[in-house]
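The block underneath contains the structure these notes are about, expressed in structure tokens.
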Amino acid sequence: MKKNLLDNSFYNFFKNISKKRKFTIDKIPIFVPTNKTQLFMLIIGIAGGTGSGKTTVVHQIMNELPQSEVGIISQDSYYKENNNLSFEERALINFDHPRAIDFELLVQHLNDLKEGKTIEQPVYSFVIHNRTEDTIKTYPRKVMIVEGILILANPELRDLFDVKVYVHADSDERLIRRLKRDIAERGRDMEEVLNRYQTTLKPMHQQFIEPTKAFADIIIPNDKYNTVAIDVVRAVINQRIT
């Protein structure tokens, strides 16, 4: 039986997923759109390489913004379902290639939200390399932030974004962050992470992710706290929700 979870915080949610713990999601005020507000839902896409600091940027942007009016959708939730594959086969999937993402469902869900519909966002577990039976009940908001490494690589999805942001970080810094995250949160060992970085992460970044920087309206260098770029995005959001 599927569990419905409120879209309170995708960061805490995936942290819990990786530790296989039960979820405790606090209830928050829900933005119920009218016909007027449906037409003006602002969608912001935040892309960048693995470990570039996208999640940090998202939290910086959302700081002091009304939680009931801004929502987050992670590309990580939309990895394709692979029930037909064994665990060993799923572990070999190249998760940094666009074909690993269910862009069709993500585009459909964003269009549904724009129409004022509630969606059942899938939940992906990096422990089992597959979707779980859980879903996140996600409500329409005045502003939706979509975050992920490949979100600017798909033309149909890219066209839905009103503002496109790319978070840039040095490759060495990204590797260090990826090592820390995958070992601490996804049950990987150092050899596995380094092997995946050399065989898939680095070449996929160069082929599919780095080139999407050209589509960005705003590029945020994440080697330090960039208050100007963050404040620009936050100002755009504030203008829409006030």
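Once you reduce region 126-171 and region 85-105 to the center of their Cα atoms, the two points are 16 Å from each other. Think of a 1.4 Å ball rolled over the protein heavy atoms: region 58-166 then has 39 Å² of accessible area per residue. Share of carbon and sulfur in the accessible area of region 88-168 stands at 45%, probe radius 1.4 Å.
Kindly flag which residue pairs out of Lys80/Lys213; Lys80/Lys142; Lys80/Lys202; Lys54/Lys142 have an alpha-carbon separation exceeding 26 Å in this structure. Among Lys80/Lys213; Lys80/Lys142; Lys80/Lys202; Lys54/Lys142, the Cα-Cα distance tops 26 Å for Lys80/Lys142. Percent of C-alpha pairs per 5 Å bin in region 50-142, short distances first: 2, 12, 19, 20, 20, 15, 7, 3, 1.
The values are calculated or read from the model by the stated rules, or taken from the named source; none is laboratory data. Not measured: the values here are computed from a predicted model. To get the accessible areas, we keep the full protein, side chains included, count just its heavy atoms, and leave off ligands, DNA and RNA. Shrake-Rupley method; radii C 1.70, N 1.55, O 1.52, S 1.80 Å.
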